[in-house]
Amino acid sequence: MSKIYTVTLNSDGACSGNPGKGGYAYHIDFSDMTWLVDDQKIITNSQGYTLTTNNRMELLGFISGLRYLRDYLLHHYILDYGMEGEVEGIKLICYSDSQYVIKGCTQWLSGWQKKGWKNSKGEPVANRDLWEEYIKIIDQLTSLLVDNRLLFEYECQWVKAHSKNKDTINNLCDRMAVAANNSDNLIDDDNYGK
């Protein structure tokens, strides 16, 4: 019997100063894929940077989660498990508290591309390198799954930041991003300012 499996991606970014030190985090929930062992059902990751912006960290957290999902599906799902009649598709739901990320993905991106990567003011789009990577990853996810005759659904949803409910996944991602920002393991954001 075939099924559409739901995967959720939550991400967040943080920055001390804007620009300043920054960090991102993501949380991916594969719990709907019941055949996975428990330690594979929830994946989290974070990274801190020496100099960046808040919007770059919000977007990089989101893209890093998508990158992990793409690689995971390719190496652990499609190649290892195969698709013979069991899976109809994957529905990916992405959550972010960043209007920049959500509106960029759902409203602004196609307009930026049509205008030659210019925003509504006619200025170059900020973080173009990350937006181009986002497009590439979504295209890869779509072709990876469609070529294997799978339905790939994808949606982005905005969530309120700093909810009073401290147990929300967004709050967890926020704490992880802030911790990455404050860690001693910062790396350079090579494309910041380019």
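Worth a mention:
- Residue under evaluation Glu123, criteria (1) out of contact with any helix residue (DSSP H, G or I) (no Cβ under 7 Å at 6 or more places or on another chain); (2) under 20 Å from Thr6 (Cα atoms); (3) open to solvent by 50 Å² or more (accessible area, probe 1.4 Å), criterion not met: (2)
- Residues that are in contact with a Gly (Cβ under 9 Å, 6 or more places away or on another chain) and under 19 Å from Ala161 (Cβ atoms) within region 99-123 comprise just one, Val101.
- Residue count for region 136-152 satisfying the condition of being out of contact with any helix residue (DSSP H, G or I) (no Cβ under 8 Å at 6 or more places or on another chain) and at pLDDT 85 or above: 2.
- Some residue of region 92-100 being over 30 Å from Ser183 (Cα atoms) and at pLDDT below 95: yes
The values are calculated or read from the model by the stated rules, or taken from the named source; none is laboratory data. Just so it is clear, the structure is predicted and the values come from calculations on it, not from any experiment. Neighbour counts run over all protein chains shown; Cβ positions are idealised from the backbone, glycine included. Please note that ligands, DNA and RNA were not included when accessible areas were found on the heavy atoms of the full protein model with its side chains. Shrake-Rupley method; radii C 1.70, N 1.55, O 1.52, S 1.80 Å.
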